[in-house]
Amino acid sequence: RSGLMDKIVALCKRRGFIFQNSEIYGGLNGFWDYGPLGTELKRNVRNAWYDDMVSRHDPLDAPEGAPQAFSMVGVETSIIMHPQVWKCSGHFDLFVDKMVDCREAKKRYRFDHIKGRWIEGQVKDPGAETKTKRKLFITAVADGDELEAALTQRALKIFEMRSKDADKLQWQSDPTSFVTISQSDYVNVLAPDATAPGTLTEPRDFNLMFKTIIGALGTADDTAYLRPETAQGIFVNFKNVCDSTRVKVPFGICQVGKSFRNEITPRNFTFRSREFEQMEIEFFCHPAESQAWYTYWRNRRYAWYTSLGIKSDKLILREHAADELSHYSCGTADIEYAFPFLDEGEYGELEGIAHRGDFDLRSHMEGKLKNENGQLVVEKDADGNPRHRGSGKDLTYFDDATRERFTPHVVEPSAGADRGTLAFLCEAYHEDEAPDDKGQMQTRVVMKFHPRLAPIKVAVFPLLKKDGHPEAAKEIYRDLRSAGIATTYDEQAAIGKRYRRQDEIGTPWCITVDGDTAKDGTVTLRDRDSLEQVRIPVKEVTPEIQRRLRG
Ligand code: ATP
């Protein structure tokens, strides 16, 4: 499975989907750049989300499975917000990961990524002629333990080496995997909730928000944060949206935008990055109906991924157990995908759908403070009155029809645009067999993107660089582009090679102009997945592609 991931990462670089950020300077861990094709792919993911959730949403009719008709609107809010937003949202106090430092390797790790296990092996003790059985405890920080076998081998080697060179007790191959061997033959047990003395510091809290400074003075009072989620920009504008539009509860506010988290161990390609993009909906509804809306959004968001080509055997909807839920949440489900960098049977989160109750609006009204149990509660003064360090603004909603005032409950489907894009890339990757120019069967790499997501929809080729083929092909190419269809033109190399180039970037259809085009006014239309080739009239090319794109 990790071999498959390597192929996908290599293809992303080779064909310009995703590059390492600042690569010519050695890269910057946790940051990625999208190349020309990746930019188109991610834009298509984002647009599919925004079109399906907002632009094409019909507020007059209840969609299938929805309790009633509702509105969906968009906002685009700033990355930097008033620092008080993060105090009231809980991010200032609670948005932390557990971290440990490895003193010897001078590295930091996210605590839940540390795995340890006993291994047994035959090793030569210092000065000994023969090997004896020894037990070692290795702590490993590795992606899904994919290095299990190699790790064990290396640990044993180091164990042998110890006598010769004490400095080499530590082995470290790359930033995501490392092994420590303790000073004694029988090493300390490192239980998941304990630390190995002398090797790792105690786990401690690390706030994931990036800090920055506003203005020229740069005092501590000028500290601000890059948003770790787009959601708060929606909550603080709830009243503005209600007052400036004619939306009525239930309705949703949607936002796509960058978020930043100072992840301790960014890894697995773009899956866990420090800068990433989110696609979030805050859906405001009456408390009595919130459970029904939670169920609706959970199902609808799952169906969105399958409608864009993710097979349901690789996608799960995992309902959180009661002890996993935040204290304010009545339900949370994750949509998870079987990424190739994970072990068989493991899944990685693409999107979380959370029932958040009235927690967020109430926090921004009243202000919250962390209590001794680590929970956010309304801060009270000595007389027991709320201290109102929130906005103090009324974020309740008045329903004209029922004459009822209430604080809406919120259902939040929160998706990652980069994780979604990565899942669509992984799902698209296929290898099969197809004939080359000489009719020989060859392995073909083909990205089977859903046509809505494919960076390029059509490639137009002249069979020859003469006999009027290029002129006719260019006319078709321009016609498709003027219809707003992402089209490319290619006249370099043999036709089979050109097909292969398009297969590898997932172009669903190729059009070829040949000798018959001038005679009967037809061209070849080739389908990426079935390899089927049909002749269609030149004037039918654009309408036919439009028809196929509509599905
Ligand atoms: P995880 O447990 O993987 O850190 P999370 O539960 O903290 O994720 P949320 O806060 O629910 O994530 O964020 C919503 C979505 O934003 C996630 O489902 C994911 O798609 C995306 N996301 C969160 N953190 C990252 C990251 N570091 N890199 C890329 N995408 C991310």
* Determine whether Ser326 is more than 16 Å from the ligand (Cβ to nearest atom) and of a type in the set (Ser, Thr, Tyr). => no
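Within the stretch 514-538, which residues are in a helix (DSSP H, G or I) and in contact with an Asp or Glu (Cβ under 9 Å, 6 or more places away or on another chain)? Before you say what the answer is, go through the steps one by one.
Of the stretch 514-538, the ones in a helix (DSSP H, G or I) are 515-520, 538.
Matches in the stretch 514-538: Gly515, Ala518, Val538.
Does Phe70 satisfy the criteria of being under 24 Å from the mean Cα position of the chain (by Cα) and of a type outside the set (D, E, K, R)? Walk me through how you get there before you give the answer.
Values: under 24 Å from the mean Cα position of the chain (by Cα): no; of a type outside the set (D, E, K, R): yes.
No; evaluated as a whole, the condition is false for this residue.
Residues checked against (1) within 13 Å of the ligand (Cβ to nearest atom); (2) hydrophobic (A, V, I, L, M, F, W, C); (3) modelled with pLDDT of 90 or more:
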{"site": "Lys311", "(1), (2), (3)": "no, no, yes"}
{"site": "Lys314", "(1), (2), (3)": "no, no, yes"}
{"site": "Ala322", "(1), (2), (3)": "no, yes, no"}
{"site": "Ala338", "(1), (2), (3)": "no, yes, yes"}
{"site": "Asp343", "(1), (2), (3)": "no, no, no"}
{"site": "Leu350", "(1), (2), (3)": "yes, yes, yes"}
{"site": "Asp360", "(1), (2), (3)": "no, no, yes"}
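Going by what's in this entry, would Thr507 be described as assigned to a loop (DSSP other than H, G, I, E, B), β-branched (Val, Ile, Thr) and touching a strand residue (DSSP E or B) at 6+ places or on another chain (Cβ under 8 Å)?
Numbers: assigned to a loop (DSSP other than H, G, I, E, B): yes; β-branched (Val, Ile, Thr): yes; touching a strand residue (DSSP E or B) at 6+ places or on another chain (Cβ under 8 Å): yes.
Here the answer is yes, as Thr507 does meet what is asked.
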* Could you tell me whether the stretch 441-449 includes any residue that is among the polar types (S, T, N, Q), at pLDDT below 95, away from the ligand (no atom under 16 Å from the Cβ) and part of a loop (DSSP other than H, G, I, E, B)? => no
* Asked: When you scan the stretch 209-244, how many residues do you find that are in a helix (DSSP H, G or I) and more than 16 Å from the ligand (Cβ to nearest atom)?
  -> 10
* Asked: Looking at Phe359, is it surrounded by 19 or more Cβ atoms within 10 Å (Cβ to Cβ) and more than 19 Å from the chain's Cα centre (by Cα)?
  -> yes
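Can you tell me which of Thr421, Thr407 is within 16 Å of the ligand (Cβ to nearest atom) and hydroxyl-bearing (Ser, Thr, Tyr)?
Details: Thr407 fails: within 16 Å of the ligand (Cβ to nearest atom).
Going through Thr421, Thr407 in turn, the sole match is Thr421.
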* Give the residue that is surrounded by the most Cβ atoms within 10 Å (Cβ to Cβ), with candidates limited to residues of the stretch 477-500 that are within 31 Å of the chain's Cα centre (by Cα) and part of a strand (DSSP E or B). => Thr487
* Structure fact -> Conditions (1) closer than 30 Å to Ile310 by Cβ; (2) more than 16 Å from the ligand (Cβ to nearest atom) -> Asn371 fails only (1)
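Each row is one residue, and each column tells you yes or no for (1) surrounded by 19 or more Cβ atoms within 10 Å (Cβ to Cβ); (2) modelled with pLDDT under 95; (3) out of contact with any Gly (no Cβ under 8 Å at 6 or more places or on another chain).
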site: Gly3; (1), (2), (3): no, yes, yes
site: Phe31; (1), (2), (3): no, no, yes
site: Val45; (1), (2), (3): yes, no, no
site: Ser55; (1), (2), (3): no, no, yes
site: Glu64; (1), (2), (3): no, no, yes
site: Val73; (1), (2), (3): no, no, no
site: Ile79; (1), (2), (3): no, no, no
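The rows are residues; the columns are (1) surrounded by 11 or more Cβ atoms within 10 Å (Cβ to Cβ); (2) outside any strand (DSSP E or B); (3) at pLDDT 95 or above.
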position	(1), (2), (3)
Ala382	no, yes, no
Arg389	yes, yes, no
Gly420	yes, yes, yes
Phe424	yes, yes, yes
His430	yes, no, yes
Gly439	no, yes, no
* Please find, among Val247, Val256, the residue that is farther than 30 Å from Leu425 by Cα and either in contact with a helix residue (DSSP H, G or I) (Cβ under 7 Å, 6 or more places away or on another chain) or within 14 Å of the ligand (Cβ to nearest atom) (or both). => Val247
* To do: Look at Ala333 and say whether it is free of Cβ contacts under 8 Å to residues at least 60 places away in the same chain and within 13 Å of the ligand (Cβ to nearest atom).
  => yes
* Considering only residues that are crowded, with 21+ Cβ neighbours inside 10 Å and small (Gly, Ala, Ser), look in the stretch 260-298 and name the one that is farthest from the ligand (Cβ to nearest atom). => Ser290
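The values are calculated or read from the model by the stated rules, or taken from the named source; none is laboratory data. Because the structure is predicted, anything quoted here is derived from the model rather than measured. Here Cβ is always computed from backbone atoms with ideal geometry, including for glycine, and neighbour counts include all displayed protein chains.
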